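Beneath this line is the structure, given in C-alpha cells, with notes to follow.
The values are calculated or read from the model by the stated rules, or taken from the named source; none is laboratory data. Keep in mind it's a predicted model, so treat the numbers as computed, not measured. Here the Cβ is made from the backbone with ideal geometry for all residues, glycine too, and neighbour counts use every protein chain on show. In case anyone asks, the SASA skips ligands and DNA or RNA and just uses the protein heavy atoms, side chains included. Shrake-Rupley method; radii C 1.70, N 1.55, O 1.52, S 1.80 Å.
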Amino acid sequence: MPIDYGVLEGSHFGVRGVPQYKIEEMLEGWALELGVSLRRGGELTGLVDTGDGVIASGQGPQGRGELSARYLVGCDGGRSTVRQLAGFDFPGSDATREMYLADVTGCDIRPRPIGELVPNGMVMAAPLEKGYFRIIVCENGTPPPDKNRQVTFADVADAWQRLTGQSIHGGQARWVSSFTDATRQATEYRRGRVLLAGDAAHIHLPAGGQGLSIGVQDAVNLGWKLAATVKGRAPDGLLDTYHSERHPVGARVLRNTRAQGTLNLSGKSVEPLRTVMSELIAIPAVARHLSGMVSGLDIRYDVGEQGHPLLGARMADRELELADGGREQIARLLHPARGVLITADRSGETSRCAAGWADRVDLVRVKSFPAGPEERGAVTESVLIRPDGYVAWAAPGGGRLAGALQRWFGAVGPVRHADDPQPLVSAR
C-alpha cells in the first residue's frame, strides 16, 4: 500500500534513495569540520554518573583508559551498552520472527521497491548503485534468531528462493544482516547525566524507513539543548524537554510500525484489513494523516501557546525577500544551529525586544513573511525558530516574544561559563 508524500502541502524536500554510507560520510565530514574528536575501535565497559559529570571507562587500541565529561549520550544502537550500564528500563515485546536483508549483485532481480506479498511472506528489492540491489526477505514461520548464529548469504538466498521460486545463489553479497520485529522503548531518555538517542532509546520493525529518520530527529532535538546546557546559558528544564518532546514521537513510531507489521507480515488472515486500509488511504485526509505520521512531518511540540497555526510545528523552507532587497532561504538561515527570528515588524518593537539575545538568536528583517499552506490563511508577521527548525513563537497570536525567548534561549545576562569537559557521544 504505497503512501504518496506529495499529498502533503508545503515544502518538504526529502533525502530518499541515498545509500546510508554516503549519509554517514557527510555527517562524519561535518563533525570533523567542527573539530569533533572521533575515536574508533574502543569498547565501553563501565560508566559512573558522579552527579556533576560522567566517567566512562573502556578498552581502546592503546589499552584501557577513562574519559570524563559533563554528559554522556548513548547512540550505540539497539543493544546499547550505555543503556545497560546506566540502568535504563527498556520494556516492550520480544522478537517473534527473523527477517533478512542483503546488498546483492550478479542476480537478475525484478524491482519491488515497496515490497510484494507472496504466498508465505513478503519480499522487497530496491536498486542501489553499481548494479547492486537491496533485498529484504520476510518469510512466515521463521523463528527468532539464535544470537550465536551468523547469518550467511546462503540463508538469504535459500529464503528468497522459497518465497519467489527464483535462485540468486549465483550472485554475490557485499553485506548480509538480519532484523526482527522486537519492539521496545526506554521509559526515560535521560537519567541524570546520561542520555539516549536513536536505536539505543527505541527499537522497532524497520517499516517505512523510519528508523534513520527518528534517530536523526532525536539528535537534532537534543544537540542544541545539550550545547546550551554545557555553555551555561540554558534555561531551567530545557534539557528535560528532550524526553518530553521525543518520547511521545518514539511511542507513536512503535505503534505505527507494529501496525504495518500486522498488515504486511500476517499472511492471508489480514487480507480483509488490507482491503479496508487500501480504501481508506484513497481518502485525501487519511492519506495526509498517514503520510505526515510516517514521514514525521506532522510532529508538533508543546511550546506553551496555541494562538497561531505555526506554533510548535516544523518551519517549512521558504524563500524570503529581505528588507535590504536580498533573498535568502529559511533552511540556510538555520545552518549555524542558532535561533532565528524572522520579522516584518516595521515598528522596530520586535527587534528591540530580541536585542538582548543577539548572542544566540539571529535577527532577520524581511519585507513580508511569505504565506504558506501551513498557516491555513492566518496572517504571519514574525516567527521565532528554534535551532532544530521548530517554531517557538509567532505573531500575531503567539503570546509574548520575551517569554518565548527566555523559555527556549535563557535569560538575558552574563553567560555561566563552563570549564568542564565537553559531552561524550558513545556510538556503535
Exercise for review: Using +1 at the Cβ of each Lys and Arg and -1 at the Cβ of each Asp and Glu in segment 109-229, identify which of ALA157, GLY131, VAL118 lies farthest towards the dipole's positive end.
Suggested key: GLY131
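Tell me, what does the Kirkwood hydrodynamic radius of segment 260-374 come to in angstroms if you use every pair of distinct C-alpha atoms?
Roughly 17.8 Å, rounded to one decimal.
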Review point. Among 361-368, 195-202, 82-89, what's the highest-first ranking by average C-beta atoms within 10 angstrom per residue?
Key: 195-202, 82-89, 361-368
Exercise for review: Hey, can you find the accessible area per residue of segment 44-189 for me, probe 1.4 Å, expressed in square angstrom?
Suggested key: 51 Å²
Revision key, fill the gap. Rounded to the nearest 0.05, FRET efficiency between ALA182 and ALA358 (Cβ-Cβ, R0 41 Å) equals 0.30
Revision key, fill the gap. Computed for the chain: size of charge dipole around the Cα centre, +1 on C-beta of each Lys and Arg, -1 on C-beta of each Asp and Glu, debye to nearest 20, value 180 debye
Check your understanding: Once fully extended, how much extra length lies between VAL151 and ARG39, figured as 0.36 nm per residue of separation less the alpha-carbon to alpha-carbon distance?
Key -> 37.5 nm
Revision key, fill the gap. Against the 2.2 N^0.38 Å rule of thumb, the C-alpha Rg of segment 139-185 sits at a ratio of 1.30
Check your understanding: Once both labels are modelled 7 Å past Cα along the beta-carbon direction, what's the THR50-SER167 spacing in nm?
Key -> 6.4 nm
Check your understanding: Per the Cauchy relation, a quarter of the hull surface: what is the mean projected area of the convex hull of the alpha carbons in segment 247-316, in nm²?
Key -> 5.9 nm²
Review point. What does the charge dipole of segment 75-130 about its Cα centre add up to, to the nearest 20 debye, if the Cβ of each Lys and Arg holds +1 and the Cβ of each Asp and Glu holds -1?
Key: 60 debye
Study note, to complete from the structure: Projecting the Cα atoms of ALA392, TYR301, TRP408 onto the charge dipole of the chain, where Lys and Arg contribute +1 and Asp and Glu -1 at Cβ, the residue farthest towards the positive end is TRP408
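To one decimal place, what orientation-averaged projected area in nm² is obtained for the convex hull of the Cα set of segment 85-140? Provide the component values of the computation, followed by the final result.
Details: hull surface 25.7 nm².
So the mean shadow area of the Cα hull is 6.4 nm².
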Check your understanding: Once label points are set 7 Å from the Cα along Cα→Cβ at both GLU279 and THR96, what is their separation, rounded to one decimal in nm?
Key -> 2.5 nm
Review point. Size of segment 59-181 along its principal axes in angstrom, Cα-based, largest extent first?
Key: 54, 34, 27
Review point. Once you put a point 7 Å from the Cα of ASP324 and another 7 Å from the Cα of LEU128, both along the Cβ direction, what distance in nm separates them?
Key: 4.6 nm
Practice item. Keeping the other protein chains in place, figure out the carbon and sulfur percent of the accessible area of the chain, with a 1.4 Å probe. Key: 52 percent
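Using the crude model of +1 on Lys and Arg Cβ and -1 on Asp and Glu Cβ, and no other charge, please compute the dipole size for segment 204-321 relative to its Cα centre, in debye to 20.
360 debye
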**Study point:** the chain: relative contact order in percent, alpha carbon pairs under 8 Å with at least 6 residues between
**Key:** 18 percent
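Expected output is a single nm value to one decimal: the length gained when fully extending between VAL7 and ASP298, i.e. 0.36 nm times separation in residues minus the C-alpha distance. What is it?
Extra length from VAL7 to ASP298 when fully extended: 103.5 nm.
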Review point. Between VAL270 and HIS289, 0.36 nm times their residue separation minus their Cα-Cα distance comes to what?
Key: 4.6 nm
Practice item. Report the percentage of all Cα-Cα pairs in segment 123-266 whose separation exceeds 19 Å, rounded to a whole percent. Key: 62 percent
Practice item. Compute the acute angle (0 to 90°) between the alpha-carbon long axis of helix 153-164 and the principal axis of greatest extent of the alpha-carbon atoms of the chain; round to the nearest 10°. Key: 80 degrees
Exercise for review: State, to one decimal in nm², a quarter of the convex hull surface area for the C-alpha atoms of segment 344-407, i.e. the direction-averaged projected area.
Suggested key: 4.5 nm²
